[in-house]
Amino acid sequence: MPRDPKQKSIDSHALRPESLMMSYGFDPRLSEGALKCPIFQNSTFVFESAEAGKAFFELAYGLREAGPGEEPGLIYSRLNNPDLEILEDRLTLWDEAEAAITFESGMAAIATSLLAYCRPGDVLIHSEPLYGGSEYLVTNVLPEFGIDTIGFQAGIPAAELAPVLTEKVGGRPVRAALIETPANPTNDIVDIQGMSDLIHGMTGGGDQRPVVMVDNTFLGPLWQHPLDHGADMVLYSATKFIGGHSDLIAGACLGSTETLHPIRVLRTFMGTMTGPWTGWLLMRSLETLKMRMTAAMKNARYVADFLDDHPKVTSVHYLGLIRENDPMFEVYRHQCVGPGSLIAFEVKDGEAGAFRFLNALQLVKLAVSLGGTESLAEHPGTMTHADVPPDDQARMGLSPSMVRLSVGVEHYSDILADLEQALEAV
């Protein structure tokens, strides 16, 4: 009997995500027996009949509920596309989410999600620091739409933040929270469960409760699963680890079908979905996700220990080095599966020292982004977070001497050799 393309077990043996990534959601019988999903490079799809087209649009626009066993048909690639549907099915597996939506970029995922929930007069709570693009959206763009934003510092226990945030909110409707943990670039942790409990207890306006969104780009989808810790939704820049080869731009959000519904509707009319070619590339990348992320994390452990012992490095921010006396140590142990492969560290002699180090690199590339197969280094204060005012950078822990390093899958001894010679320039 032909296998169900969404089969998740063999008899009573549950299949793991890294195995399901090879074929989950794809039926070769529908594509001339092709082993891999073809690229459906179509803008539009042919209906079998006018009645079928009418039924498809009724479901697409929510004009009626789907009947028993009825699924939305293919209409137009701004609404749905086979590559994206299969990709979204596979993306749900690592986070054990009910549904997923993909976007043309990580910022498209974040912006569409926030705009789907926030309205003029609402309050958005967010962690600090955020990725530079998110920071600009939250502090400069959303206030122009009448959305008030309140930030809190990552790395502080939720119990300490509760009275401060409650006072700042002042009883106003909190519609959503955007949490990035670990923080970019400091690696400071936010207690997802503690903050979710706090924010869910605030008024969302009417009978709505606030939606907690977690940007899980730094650790996910392997090393942290926010939905298990009270979050309503997970956001990714799929450009990073999910894509993993520095050759595409994409984003994703995951959660329950109900939570994602307003985002899916807004995506249709804003046109922020990703395309079939990018979807196909992401499916290719998902097959090696665990291998790549595991190899990079193993390398990062060697690199973090090396930097921690180097006389020209004044501090290292890496989850694998978090100490037991750190107030967020227990949160890390409970919340994170692994420390990931992102390291922030500070060198002697401020910005000048950081620049001399970056300019001396040979194997490690001087470029922004992260999560690719190659190791990348950049200077957050003048690059990814350049739009953050200097006083705010200092408050958030972004010093002029800080370097952000995304450790790749090269041989760890070669990475260490390059870092060692580059540090001689400091």
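Just so it is clear, none of the values below were taken in a lab; they were calculated from the coordinates. Keep in mind the model is a prediction, meaning the values are calculated, not measured. Neighbour counts are summed over all protein chains in view; Cβ atoms, including those assigned to glycine, are modelled from backbone coordinates with ideal geometry.
Using the basic label-point model (7 angstrom from Cα toward the beta carbon), what is the residue 31 to residue 78 distance in nanometres?
That separation, rounded to one decimal, is 2.5 nm.
Let me have the relative contact order for segment 289-423, percent, based on Cα pairs under 8 Å that are six or more residues apart.
31 percent
What is the sum of charges, Lys and Arg at +1 and Asp and Glu at -1, for the other residues whose Cβ falls under 10 Å from the Cβ of residue 341?
+3
If amide hydrogens are placed 1.01 Å from N in the peptide plane, which non-local residues have theirs closer than 5 Å to the one on residue 315?
For residue 315, whose amide H was placed from the backbone, the distant partners under 5 Å are 346.
Could you go through segment 117-132 in sequence order and give the Karplus-derived ³J(HN,Hα) for each residue, using 6.51 cos²θ - 1.76 cosθ + 1.60 with θ = phi - 60°, rounded to whole Hz, and x for Gly and Pro?
10, 8, 10, x, x, 7, 10, 10, 9, 9, 7, 9, x, 10, 3, x
Taking 0.36 nm per residue of sequence separation and subtracting the Cα-Cα distance, how much length would be gained by fully extending the chain between residue 144 and residue 16, in nm to one decimal?
Between residue 144 and residue 16, full extension yields 41.6 nm more.
Estimate the FRET efficiency between residue 351 and residue 256 by the formula 1/(1 + (r/R0)^6), using the beta-carbon distance for r and 41 Å for R0, to the nearest 0.05.
Working from the Cβ atoms, E equals 0.35.
Quick one: 3J(HN,Hα) in Hz for segment 8-15, Karplus 6.51/-1.76/1.60 with θ = phi - 60°, rounded, Gly and Pro as x.
With coefficients 6.51, -1.76 and 1.60, one gets 10, 8, 10, 6, 9, 8, 6, 7 Hz.
For segment 82-286, what proportion of DSSP beta bridges, expressed in % and rounded to the nearest 5, is antiparallel?
Approximately 35 percent, going by the DSSP bridge assignments.
For a quick check: with amide H placed at 1.01 Å from N, whose amide H comes under 5 Å from residue 150's, ignoring anything fewer than 5 positions away on the same chain?
124, 125, 126
Label points 7 Å out from Cα along the Cβ direction at residue 314 and residue 119: separation in nm?
Each label point is offset 7 Å from its Cα along the Cβ direction, giving 4.9 nm.
May I ask you to compute the full-extension gain from residue 420 to residue 330, defined as 0.36 nm times their residue separation minus their alpha-carbon distance, rounded to one decimal in nm?
Full extension of this stretch gives 29.1 nm more.
If R0 is 45 Å, what FRET efficiency do you get for residue 7 and residue 413 from their C-beta distance, rounded to 0.05?
E between residue 7 and residue 413, to the nearest 0.05, is 0.60.
Quick one: if the Förster radius is 60 Å, what FRET efficiency do residue 66 and residue 298 give, using the C-beta to C-beta distance and rounding to 0.05?
Taking R0 as 60 Å, the efficiency between residue 66 and residue 298 is 0.85.
Of the peptides 357-364, 229-236, 158-165, 342-349, how do they stack up when ordered by the mean number of other Cβ atoms within 10 Å, highest first?
Top to bottom by mean Cβ count within 10 Å: 229-236, 342-349, 357-364, 158-165.
Using a 7 Å offset from the Cα along the Cα-to-Cβ direction at both residue 50 and residue 203, what is the distance between the two label points in nm, to one decimal?
5.3 nm
Tell me the relative contact order for the chain as a rounded percent, counting alpha carbon contacts under 8 Å between residues six or more apart.
Result for the chain is 16 percent.
Looking only at the chain, where both bridge partners belong to it, what percent of the DSSP beta bridges are antiparallel (to the nearest 5)?
DSSP beta bridges in the chain are roughly 55 percent antiparallel.
Under a 5 Å amide H to amide H cut-off, with H placed in plane at 1.01 Å, what residues pair with residue 77 once short-range neighbours are removed?
44
Along segment 56-66, what does the Karplus equation 6.51 cos²θ - 1.76 cosθ + 1.60 (θ = phi - 60°) give for ³J(HN,Hα), rounded to whole Hz, x for Gly and Pro?
Listing the rounded values in order: 4, 5, 4, 6, 4, 9, x, 6, 7, 7, 5 Hz.
GNM on the chain, C-alpha springs below 10 Å: top fluctuator among 15, 137, 321?
15
Okay, helix-only estimate at 222 nm for the chain: each DSSP H run of n ≥ 4 adds -39500 (n - 2.57), divide by all residues, round to 500 deg cm²/dmol; what do you get?
Calculated at 222 nm, the ellipticity per residue is -10500 deg cm²/dmol.
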